[in-house]
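Below: one structure, written as structure tokens.
The values are calculated or read from the model by the stated rules, or taken from the named source; none is laboratory data. Here the structure is a predicted model, which is why all the values come from computation and not from measurement. Note: ideal-geometry Cβ built from the backbone for every residue, glycine included; neighbour counts use all protein chains shown.
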Amino acid sequence: MNPLIRFFRTKIYTAVFLMVFILLVGVVGYRLISGYSWVDAIYMTVITMTTVGFGEVVPLDQGSKIFTIILILGSVLIMGYALSIITEYILSKNNIEELKYRRMQKQIDSFKNHVVICGYGRNGKQAAKKLLAHNKEFVVIDKNREMEERLQLDEVPYVIGNANEDEVLLQAGINRASSFISALPDDADNLFVVLSTRQINKNINIISRASHESSYDKLKFAGANNVILPDKIGGDHMASLVVVPGLMEFLDNLSIVGKSDINVEEVAVEKLFSSGELKTIKDLDLRKKTGCTIIGYKDEKGDYTVNPEAELLLVPNSKIIVLGRPEQIESLNSQYNIK
């Protein structure tokens, strides 16, 4: 629960308790001091607390008058307190959302080397789910105000606005981000957003969705590092399940979030040994130390080698792709202090 709502709820409960308390004091007081019936005691207490100015049921004696004075003063204080709480709550209600946005923006401003996801449709939500499973910081941009409730339910940081505007991209921290995923349904929107993002951050890794193959080269030219065609991938995947079903089932298990006994990790070679020396895959001996198997190598130019030889020299700015069970990956990260 929002702390501000909790704060007001506590004060409202206190005000209600005090009002009920003073009402009971008045009823019991008039019953015992003035000898009124229960109905007359309630009537006198209510008109005294509300100060409506009606006359007494019966003339008050000296003791009843003193009690009435005390009751009026107490009622004025308590009613004034209750009205101030209600007024403050009404005036502050509109500020609760603003305070929530400020708190979330402060969280976004603290992010560095995070991921920005543009669009929270099917593809964007799936990307967010994957990043969340890997404890990767990310921010979602979506221009549809109707999407805000879903974003709040998923408890992800977000910015509501049009990603075509540089101010919105900067609000999401695009200048500090390491990666940008453009998952908008329209290729023209993706093209414009990719172009704007590349102009703001020259070094960011941009992955864009494309609905049509004709948009592939345009998005690459605009600055996207990778362009994904969901329909093409989906069709290829379904056909592969017919041609090589066993292999595809194995590959699917590698990408399952939170349920797989297998995992794949990409690790920079600088995290495995000092940059002042060069080692081979055999020298690392990761299989013996952690149980992980090196299944791929990405050199400093970005070229991949599948199932690299043991004598392959690991040069600076290159990466290895390791395969292992979650506990083996955890052992690797623990031994080499990889976060």
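Which residues, taken from region 110-141, are of a type in the set (D, E, K, R) and closer than 16 Å to Ser208 by Cβ?
Quick first cut of region 110-141, residues of a type in the set (D, E, K, R) only: 112, 122, 125, 129-130, 136-137.
Arg122, the sole residue that qualifies.
With respect to the conditions (1) among the hydrophobic types (A, V, I, L, M, F, W, C); (2) at pLDDT below 85; (3) surrounded by fewer than 16 Cβ atoms within 10 Å (Cβ to Cβ), Leu32 falls short on a single one, namely (2). Residues in region 39-74 that are surrounded by fewer than 15 Cβ atoms within 10 Å (Cβ to Cβ) and over 30 Å from Ile85 (Cβ atoms): Val39, Gly55, Val58, Pro59, Asp61, Gln62, Gly63, Lys65. Identification of helices (runs of 4 or more DSSP H) wholly contained in region 168-279 with 3 or more residues that are surrounded by fewer than 17 Cβ atoms within 10 Å (Cβ to Cβ) and in contact with a helix residue (DSSP H, G or I) (Cβ under 7 Å, 6 or more places away or on another chain) yields 230-243. What number of residues within region 115-167 satisfy the criterion of being within 22 Å of Ile200 (Cβ to Cβ) and not in a loop (DSSP other than H, G, I, E, B)? Final tally of qualifying residues: 18.
Looking at region 319-329, which of the residues that are touching a strand residue (DSSP E or B) at 6+ places or on another chain (Cβ under 9 Å) and part of a helix (DSSP H, G or I) is farthest from Lys289 (Cα to Cα)? Steps first, please.
Step one: of region 319-329, the residues touching a strand residue (DSSP E or B) at 6+ places or on another chain (Cβ under 9 Å) are 319-326, 328-329.
If we keep only those that are part of a helix (DSSP H, G or I) as well, we get 326, 328-329.
Numbers: Pro326: 15, Gln328: 9, Ile329: 11 Å.
Going through the qualifying residues, I end up with Pro326.
The set of residues in region 102-114 being in a loop (DSSP other than H, G, I, E, B) and surrounded by 14 or more Cβ atoms within 10 Å (Cβ to Cβ) consists of Phe111, His114.
One residue stands out in region 115-157 among those that are of a type in the set (Lys, Arg) and over 27 Å from Lys339 (Cβ atoms): the one that is surrounded by the fewest Cβ atoms within 10 Å (Cβ to Cβ), namely Arg145. The condition of being polar (S, T, N, Q) and within 23 Å of Asn253 (Cβ to Cβ) holds for only one of Asn317, Asn333, that being Asn333.
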